[in-house]
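Visitor: Sharing a structure below in structure tokens format, with a few things to ask.
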Amino acid sequence: PDSSQSQHLLNLLTQRFEDAWRACLQREDLERTHTDLINRRELDRKVGRALADVTDIDTLSITIDQLLETLFHVQHSALYFIDPNSGQLSLGFARDFEDWEAEDALRTAWQRHPGLVIRTGRVIDVPDTDADPENLTSTSLRRHKIKSRLYLPVRFGDQVIGAIGLASTHTNAFGEMHRDAITFLTDIVGLTWGRIREESTRKRREALLCTTSDIS
């Protein structure tokens, strides 16, 4: 064939290849989306089963710690929340913390990122703590130097009642996947925290009514 015919044939084959490749990519996207939906539904069922019998904050903390570990492995993670009974800041769990590290983390929490998140409702994403403009990463004792952090607020209605945080000894350790997963968990914690508080309030009222009845 002459050069014009060869070029026409080449263009035709190229177009068909591009169409086939585009269709392949679309199928992969659809399959990936379908798989993601299946995985999300399975995760929702797992979360629902795990939280069905949660009636206290300690159990909630253990459950969220376990769910976080199933989503992805991180070096350090922690859940801070306002205790619904005492109103004091508590540390639900602190993965890979020694006891003395956990104690110091709670003692300094209000001066660091957890307190900032709870006070302001901000998402704190520090990809490199050496460049942290707020310089809030090194005020508590640690065995290892933390190089990146991610904290998201836990909300109950309009109230910020806690924060879930991730930390790593590597820079740029957290991305969109981590944000999405933590957002999912913060929603769960907030709703369950509210349910626990309401149940605790109901029990106190019932106890008070029983006491009043006994006195009268």
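Visitor: When the Karplus curve 6.51 cos²θ - 1.76 cosθ + 1.60 is applied with θ = phi - 60°, which whole-Hz ³J(HN,Hα) does each residue of region 90-97 get, with x for Gly and Pro?
Guide: Per-residue couplings from phi come out as 10, 10, x, 8, 9, 5, 6, 9 Hz.
Visitor: Rank by packing, highest mean first: peptides 67-75, 200-208, with packing defined as the count of other Cβ atoms within 10 Å averaged across residues. Kindly include the intermediate steps, with their values, before the conclusion.
Guide: Numbers: 67-75: 14.9, 200-208: 10.9.
Output ranking for 67-75, 200-208: 67-75, 200-208.
Visitor: What translational diffusion coefficient, in µm²/s and rounded to a whole number, does the Stokes-Einstein relation yield for region 60-136 at 20 °C and a viscosity of 1.002 mPa s, taking the hydrodynamic radius as the Kirkwood radius over Cα pairs?
Guide: Numbers: Rh = 13.7 Å.
The calculation lands on 157 µm²/s.
Visitor: How far, in nm, would the chain grow between Ala102 and Ser86 when pulled straight, counting 0.36 nm per residue and subtracting the alpha carbon separation?
Guide: Numbers: separation 16, 0.36 × 16 = 5.76 nm, distance 1.94 nm.
Gain on stretching Ala102 to Ser86: 3.8 nm.
Visitor: Divide, for region 102-196, the radius of gyration over alpha carbons by 2.2 N^0.38 Å, where N is the residue count. Intermediate results must be reported in sequence, preceding the final value.
Guide: Values: Rg = 13.3 Å, N = 95, 2.2 N^0.38 = 12.4 Å.
Output field value: 1.07.
Visitor: Once the piece of chain linking Arg205 and Glu176 is laid out straight, how much longer is it, given 0.36 nm per residue of separation minus the C-alpha distance between them?
Guide: Numbers: separation 29, 0.36 × 29 = 10.44 nm, distance 4.35 nm.
Contour length minus the Cα-Cα distance gives 6.1 nm.
Laboratory data are not the source of any read-out in this text; all were calculated from the coordinates shown. Remember, it's a predicted structure, so these values are computed and weren't measured experimentally. Cβ sites come from the backbone with ideal geometry, for glycine too, and all protein chains shown count toward neighbours.
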